[in-house]
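Right, one structure below, let's go through it.
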Amino acid sequence: MTVEDVTDLYQAFGDDRIPPGQRETTKFPVLSKGDTPNWDRDTWTFTVTGAVDTELSLSYDEFRALDTVTQRQDFHCVTGWSKLDCEFTGVPFPELAAAAGVTDDAVHVLFHALDGYTTNLPLADCMREEVLFTWAFDDDPLPPEHGGPLRVVTPHKYAYKGAKWVDGVEFLTEPQRGYWEKRGYSNTADPWAEDRYS
Ligand SMILES: Nc1nc2c(c(=O)[nH]1)N[C@H]1C(S)=C(S)[C@@H](COP(=O)(O)O)O[C@H]1N2
Ligand SMILES: [Mo]
């Protein structure tokens, strides 16, 4: 398995790999707004909706049949810890966007998750190879508390931009705010600018 190292992406945002105000940890703390939701492999459905040519509805097996990559990435939590060199396997966002065909008027994206969580990003911030829908962490299945069966990772943003238990992507023609973005966390979430709160 080829592992692509994308840990140098920070160079586009700042001088240091560890963003200002962050401490490195080797632990992987769990941060969820509530309980870990249950899911059923037979009924789990991933939807792509909104400003697309073709809305998609994929079963778990159909999602897993998409082309995948494995990347080494860093993970920055807004509460101040960073975990370096995480290996995630999954589907890059642009791959999924191409499968649905994003229409010209799409400017923004809202991610939906099984626990009711949502988070938002401008389309341009999603159309990066490092934005992954991932089900594997360091060669093991992604643990349920970390978002299994499927989560998003956003190594160029604080981790609340990555929805755990993701089951839907909505392409929007106007910006919209997600769960934490409505509750005082930064809408932009750039770790190198320390965009923590709004
Ligand atoms: N569905 C869902 N995704 C979520 C959250 C959540 O509560 N629900 N919490 C977010 C926050 S605030 C953070 S910091 C990261 C934490 O990921 P971790 O628990 O794997 O460390 O997940 C993000 N994604
Ligand atoms: Mo968080």
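The values are calculated or read from the model by the stated rules, or taken from the named source; none is laboratory data. The structure displayed is predicted, hence computed values, not measured ones. Cβ: placed from backbone, ideal geometry, glycine included. Neighbour counts: every protein chain shown. Ligands, DNA and RNA are excluded from the accessible area calculation, which covers all protein heavy atoms including side chains. Shrake-Rupley method; radii C 1.70, N 1.55, O 1.52, S 1.80 Å.
What the table below lists for this structure:
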read-out	value
Among 29-35, 7-13, the order from most to least packed when residues are scored by Cβ within 10 Å on average	7-13, 29-35
Within the chain, helix-based [θ] at 222 nm, where runs of 4 or more DSSP H residues each add -39,500 (n - 2.57), nearest 500	-2000 deg cm²/dmol
Residue of Arg128, Arg151, Arg41 that the Gaussian network model of the chain assigns the largest fluctuation, springs spanning Cα pairs under 10 Å	Arg41
Distance (nanometres) between label positions extended 7 Å along Cα→Cβ at Arg72 and Arg177	3.9
Mean projection area, nm², convex hull over Cα of region 1-108	9.4
Heavy-atom accessible surface of region 36-104: percent carbon and sulfur, 1.4 Å	41
Highest-fluctuation residue, Asp40, Asp53, Asp167 considered, GNM on the chain with Cα pairs under 10 Å	Asp40
Per-selection Kirkwood Rh - the chain (Cα, Å, 1 d.p.)	16.8
Theoretical gain in end-to-end length, Arg17 to Arg41 [0.36 nm per residue, Cα-Cα removed]	4.9 nm
Largest to smallest principal axis extent of the C-alpha atoms in region 100-198, angstrom	36, 33, 25
